[in-house]
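The values are calculated or read from the model by the stated rules, or taken from the named source; none is laboratory data. A quick note: this is a predicted structure, and the numbers were derived from the prediction, not measured. Here the Cβ positions follow ideal geometry from the backbone for every residue, glycine too, while neighbour counts run over all protein chains shown.
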Amino acid sequence: MLDEPNSNLDDSGERALVEAIKALKAAGKTVVLITHRMSTLSVVDKVGRARRRVLAAFGPRDEVLKALQAQAAGGAPLRRLPAAGGAAARPGVAEA
């Protein structure tokens, strides 16, 4: 688990971080990355978004980011995640 690993990195440090994450993924490792910076999202497969300490979105990176952008632009609201213990979350669903 990496919590804001790129918060104090320059461009070369950030490139090294991205390469390290790629190497871990290639080795079959799971990496959990907590970040506010979008630059490292290029190497992730799935994105989760917490809102008010609750997982408000989770799914494939491109689907979740597209849904969040549409919401920010005033598009259709995101669908809710199922309640805890319910059915598995669908890709790209969000908004609690």
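Just one of the numbered conditions (1) surrounded by 11 or more Cβ atoms within 10 Å (Cβ to Cβ); (2) modelled with pLDDT of 85 or more is not true of VAL54: (1).
Given the criteria under 24 Å from ALA16 (Cβ atoms), β-branched (Val, Ile, Thr) and loosely packed, with under 15 Cβ neighbours inside 10 Å, does VAL32 qualify? Judged against the criteria, VAL32 is a match. With respect to being surrounded by 12 or more Cβ atoms within 10 Å (Cβ to Cβ) and touching a Gly at 6+ places or on another chain (Cβ under 9 Å), ALA67 fits the description.
Scan region 40-63 residue by residue and report those that are more than 16 Å from ASP3 (Cβ to Cβ) and in a helix (DSSP H, G or I). Of everything in region 40-63, those that are more than 16 Å from ASP3 (Cβ to Cβ) and in a helix (DSSP H, G or I) turn out to be SER42, VAL43, ARG61, ASP62, GLU63. Exactly one residue among LEU9, LEU41, LEU24 is closer than 15 Å to ARG61 by Cα and either not assigned by TED's automatic domain parsing to the domain that holds PHE58 or not basic (Lys, Arg) (or both), and that residue is LEU41.
For region 1-18: of the residues being of a type outside the set (A, V, I, L, M) and assigned to a loop (DSSP other than H, G, I, E, B), which is surrounded by the fewest Cβ atoms within 10 Å (Cβ to Cβ)? Within region 1-18, the match that is surrounded by the fewest Cβ atoms within 10 Å (Cβ to Cβ) is ASN8.
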